[in-house]
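The next block holds one structure in the form of structure tokens; read it before the comments.
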Amino acid sequence: MSIVKRKNGSLFPANPRMLFDDFFNRELFNWGNNNFSSTLTTIPSVNIKENAENFEVEVAAPGMEKQDFEITMEGSLLTISSSKKNQTEEDNGNYTRREFSYQSFQRSFQLPKDVVDEDRIEAKYENGVLRLTIPKTENAKKQAPRMIEIQ
């Protein structure tokens, strides 16, 4: 939140309602932005790196287990999805307490055609991070500069 000097010389708006409206219209309450899914849950952050040999995708998903993920490749569309259910029940004579939660996400990435070797994609999950290594085809790898002889 930035401090803005108002025309009346005060740091606060002349109309207190404007302060209320300004606060609730901020990005924090914009559930449609890229950091939130349609179910109002956060979507894991993703890092994508490219080097000469492959692409590397890292998905931050702490608290998950490798069996919670599903990775599919359909054409050139790579989809990473996950769902996890937790349920606990405590019965203590006078009361029963049940808690349950469900979390899921899905991220899809359009991979460049004829650049990715789909048969050699590898995935590994450890320490809360899902890592995918997506190798490039031989034709897509950067070739070393070739010297051209002048005659």
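The residues listed here are Ala52, Ala14; of these, the one that is within 30 Å of Lys113 (Cα to Cα) and either at pLDDT below 85 or in a loop (DSSP other than H, G, I, E, B) (or both) is Ala52. Within the option set Ser76, Ser82, being in contact with an Asp or Glu (Cβ under 8 Å, 6 or more places away or on another chain) and surrounded by 11 or more Cβ atoms within 10 Å (Cβ to Cβ) holds for one residue only, Ser82. Per the listing Gly9, Gly63, Gly32, the residue uniquely in a loop (DSSP other than H, G, I, E, B), farther than 30 Å from Arg131 by Cα and modelled with pLDDT under 90 is Gly9.
Annotation: Thr137 fulfils all but one of (1) under 23 Å from Glu50 (Cβ atoms); (2) in contact with a Ser or Thr (Cβ under 8 Å, 6 or more places away or on another chain); (3) at pLDDT below 90; the unmet one is (2).
Residue count for segment 110-148 satisfying the condition of being under 15 Å from Asn47 (Cα atoms), surrounded by 14 or more Cβ atoms within 10 Å (Cβ to Cβ) and not β-branched (Val, Ile, Thr): 6.
Checked across segment 87-109, the condition of being outside any strand (DSSP E or B), surrounded by 10 or more Cβ atoms within 10 Å (Cβ to Cβ), in contact with a Leu (Cβ under 9 Å, 6 or more places away or on another chain) and touching a residue at least 12 places away in the same chain (Cβ under 8 Å) holds for no residue.
The values are calculated or read from the model by the stated rules, or taken from the named source; none is laboratory data. It should be emphasised that the depicted structure is a prediction, and the values quoted were computed from it without experimental measurement. Positions of Cβ are backbone-derived with ideal geometry, glycine not excepted, and every protein chain shown enters the neighbour counts.
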